[in-house]
Structure formats: structure tokens, C-alpha cells
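See below for the structure under consideration.
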There are 2 protein chains.
Amino acid sequence: MASAVLFDLDDTLYDSTKQVSLARENAVTKMIEQGLHCSQKNALAVLDEIASVKGSNYPHHFDDLVEIFGKPFSYDIVASGVIAYHETKRKYMKPFPKLKKTIIQLRKKGYLVGVVSDGIPTKQWEKLIRLGLTDFFDCVVIAEKKSYQKPSPIPFEYAAKNLGVPAGECVVVGDRVDKDILGAHNAGMQAIQLLQGRHSKIKPEKIGETPDYIISDICDVAGVIEGLD
Amino acid sequence: MASAVLFDLDDTLYDSTKQVSLARENAVTKMIEQGLHCSQKNALAVLDEIASVKGSNYPHHFDDLVEIFGKPFSYDIVASGVIAYHETKRKYMKPFPKLKKTIIQLRKKGYLVGVVSDGIPTKQWEKLIRLGLTDFFDCVVIAEKKSYQKPSPIPFEYAAKNLGVPAGECVVVGDRVDKDILGAHNAGMQAIQLLQGRHSKIKPEKIGETPDYIISDICDVAGVIEGLD
């Protein structure tokens, strides 16, 4: 029996892979317009590399890019990239089309609904507010400390405790086998993988963990949960 | 004879005092709506105090505010403040009404026009881009290193050199006697004080420095400059 559904945030509530990819494309286009000497393709490849090495919360991706291609270094090129990046992210901050409907449906049927995400709490809450989703969840758990992050069972157990339900009655929905699915199983919860975003392309066999269910559209969550009961 | 006019950025090209004040008001309103337990007046007073002690580029103003008033600490309150603050700043990022016209007029009469500002270069360039002013200036100098910042003559001398004119032929326009006027004089330049924003309220006598001209509207710059020749 399921009592609660715990959603991951990035690439589960909204298409963060597409959002970031569009934002990087627009940033690079503006930077080239502003005088960065390289092709769109090369700039994007280097930017992806910088982001993958330094992490998504590193604040100087565009400085590094200009450092590589923009001799002499010019801050106006950095600034034009930063603006285009943030403006694009702001505009494309939208929940998956049927997400709100799905959550309302789950709530109507009596399920508790939560969010379990890793990241910087203020940044993750900013996303929930910009997505217009803050009123949709009974609890939100953001694990900032590395040792508490997925696939640790800790944030999932914390959410279950907060909702007042046993871990065995929680179902986790997320895109990452290495984080959401493994973490859910570590906490004794069932796990649905949503095939959305770049991380969902990693084969489950590579992680050695198998999702209990696989869906390709967030609206399929409701059907899977009902099937469990 | 004047050949070049060097403008300060904040509170000279746009009303940054009003912009920040509106942004803080809207941030605090949203935070109280989200559950911060205090009056608008108290929250604003504490926020002003935090900003004045920690500086405007400190990234955790709203965390500190919630730390003081928001027991138990909640990140959703911080995030709602951050969003309202940035959305307001974005909307109120507009040049003073007659600024563009004034610069075009100066350029038409053959004067070179530059910006000399202190701050983080990417952030200051972001402002110029968002203000739609990047094409209006022949040179932009942003002094990041404390020892090069106003009232040091260095950024002014650097701008003059960059424009290829003697310091004695540059006129500086800025709101701060302690930075712009004193710095201009240190560089051997004439200085016009614009009475805009909170810093312009500091009495020149307190600094021991007197502006060569005082104006209350940016469009008066053209008249003063023409009067010099």
C-alpha cells in the first residue's frame, strides 16, 4: 500500500536539462555577438566541459569561457552571457505540462505528496516558487550536506518521518537511477524512474540498480501508484 | 576646454537608490507573506543594517534577516525574498529619463563620453547592458581592486589615457563627493556633482571637497559643459 509520493525536483518536476541547454545556447550566441572569437559549437562544448568539471553552482563559468576564447579578456562578453543565461532560465522555468494535474489527482485520492532533492536550499526553493508549486507539497526536503545527499536514505527517511508515514508506504519518483532509485531502495521505498533529462540516459545496469517502474511522462505516475494498491 | 565627459554609474546613469529601496520593500513584503514574523518597518531597518555592515555584494542578506526574525529558520522565506528582490531590480533597471538624450547631445557636439565606476566588473557591465547603454560610451573603466577605486585618481587617469585626452580636458559627473568629486580633483579633472541618490545627501563640507558645479538633473550636464568652453 502506498500513502505518499516523493518527487525529485530537477528533471522530474520540470525539464531542467532542456532549460539549461537552451540557456547555454542563448548565452553563447550573445557572447559571440559581443565579440567572443569562436564557433557556437566549440563554445558550447567548452562550456559543457567547464560546467561538468566545476559543477553547476560554480559562479564563473562564463569568465572561464572568455578566459579561453576571448583574448583580450573582456567583462562585457562575460556579462552578456550571464544575462542571456539567466533570462532564458527565467523564461523556461515551467513545470512539465501535466505535472500540476497529476499532483492534484494524487492529493484528491488521499496520497501525501513531497519533494526530496539535493542542492542549495535557497536555490531549490527559488525553483519551486518560480515553478508556482509551493502549495502543492506536504513536505519539502533539500539535502545540502554531501553526506546526507542521495543515494543516502537519510533525506527520504526524513521526508517519511515528516509526513508521518512508514518508509515502506512511500514511492519515490525521479530521473536518476544512481540517486533517486538507489536512494529510495536504500530507504526501503519503491521507486519509479521518469525517463526525462540527460541523467535518465545512464543505463540502470551501469548502476546495478533496477527501478520498480519506468515511465516516460510524469502523468503516468498516477496510474502506477493506483496499480500498487 | 573640455574634450571628454566621464560618468559615474550607480545613481548617476540610473536611480540605484530608488531601485534598491523598492527591491528591499518588495522582498520584505513577500517574506512577511511567506511567514517572516515581524513588521515591514522592522524588517527593512534590519535589512538596511545588514547591507550596510556586510556590503551590497554580500550574498546572504536575506538568510541573515530570516536568521534574526524567522525562528524556525525556513529557506522558503529566504527564497521568496531573493526572487522578489531580483525581479524588482530587473524591472526598475532604467536610465534616468533624459540620460540617453544628454549623451547623444554631448557626442553630437564632439565630446568623448566614458564611464568610470568602482565594483565587480561583470556586475557593472550587466547593469550597462540591462540599461541598454553599452553603445553610448567610448570607454568603460571599472575599478575592482580596492586600491584603484575612487577617490584614487587611477581609474580616471586610465580613462583619460584610453580616450587619448589630457586629464585636464576631462569633466567628471557623479553623485558622491567622497568618491567622484574628490577622485576627479585628485586626477586634475573638473567635477560636476549630480544631486541624486542617498550618497549625494552627504554635505560636501563633511568631505572637505567642493564640486565645481552642482546639478539636480542629468540633462543639465550639457549646459554646464558648453559653459566651460
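Observations
- In the stretch A:192-211 there is at least one residue that is among the aliphatic types (A, V, I, L, M), surrounded by 19 or more Cβ atoms within 10 Å (Cβ to Cβ) and assigned to a strand (DSSP E or B).
- Scanning the stretch A:213-229 for residues that are free of Cβ contacts under 8 Å to residues at least 24 places away in the same chain and part of a loop (DSSP other than H, G, I, E, B) yields a single hit, A:S216.
- Per-region count, the stretch B:133-153, residues away from chain A (no Cβ under 14 Å) and assigned to a helix (DSSP H, G or I): 3
- Entry remark, the stretch B:1-28: residues being hydroxyl-bearing (S, T, Y) and part of a loop (DSSP other than H, G, I, E, B) number 2 in total.
- Going through (1) of a type in the set (A, V, I, L, M); (2) outside any strand (DSSP E or B); (3) within 14 Å of chain B (Cβ to nearest Cβ) one by one, A:V165 falls short only on (3).
- Reported count of residues in the stretch B:65-75, each being within 12 Å of chain A (Cβ to nearest Cβ) and surrounded by fewer than 20 Cβ atoms within 10 Å (Cβ to Cβ), is 2.
- Residue identified as of a type in the set (A, V, I, L, M, F, W, C) and touching a Leu at 6+ places or on another chain (Cβ under 7 Å) among A:V20, A:V28: A:V28
- The stretch B:92-116: number of residues that are part of a loop (DSSP other than H, G, I, E, B) and surrounded by fewer than 15 Cβ atoms within 10 Å (Cβ to Cβ): 4
- Output for the stretch B:26-39, where each listed residue is crowded, with 17+ Cβ neighbours inside 10 Å and either among the acidic types (D, E) or within 29 Å of the chain's Cα centre (by Cα) (or both): B:N26, B:A27, B:V28, B:T29, B:K30, B:M31, B:I32
- Filter result for the condition that a residue is in contact with a Pro (Cβ under 7 Å, 6 or more places away or on another chain) and free of Cβ contacts under 8 Å to residues at least 24 places away in the same chain, over B:A143, B:A191, B:A187, B:A167: B:A191
- Residues being buried (at least 20 other Cβ atoms within 10 Å of the Cβ) and out of contact with any Phe, Trp or Tyr (no Cβ under 9 Å at 6 or more places or on another chain) - total across the stretch B:166-178: 3
- The one condition from (1) in a strand (DSSP E or B); (2) among the small types (G, A, S); (3) at pLDDT below 95 that A:G35 does not meet is (1).
- The stretch B:108-125 - residue that is of a type in the set (S, T, N, Q) and touching a residue at least 24 places away in the same chain (Cβ under 8 Å) and, of those, nearest to B:T12 (Cα to Cα): B:S117
- Taking the stretch A:84-107 as the range and being free of Cβ contacts under 8 Å to residues at least 60 places away in the same chain and within 14 Å of chain B (Cβ to nearest Cβ) as the test, the residues that pass are A:R90, A:K91.
- Selection within the stretch B:108-131 - out of contact with any helix residue (DSSP H, G or I) (no Cβ under 8 Å at 6 or more places or on another chain) and more than 11 Å from chain A (Cβ to nearest Cβ): B:K108, B:G110, B:L131
- All conditions but one from (1) closer than 30 Å to A:V113 by Cα; (2) surrounded by 17 or more Cβ atoms within 10 Å (Cβ to Cβ) apply to A:K18; the one that does not is (2).
The values are calculated or read from the model by the stated rules, or taken from the named source; none is laboratory data. All values reported here derive from a predicted model rather than from experimental measurement. Virtual Cβ from ideal backbone geometry, glycine too; neighbours counted across all protein chains shown.
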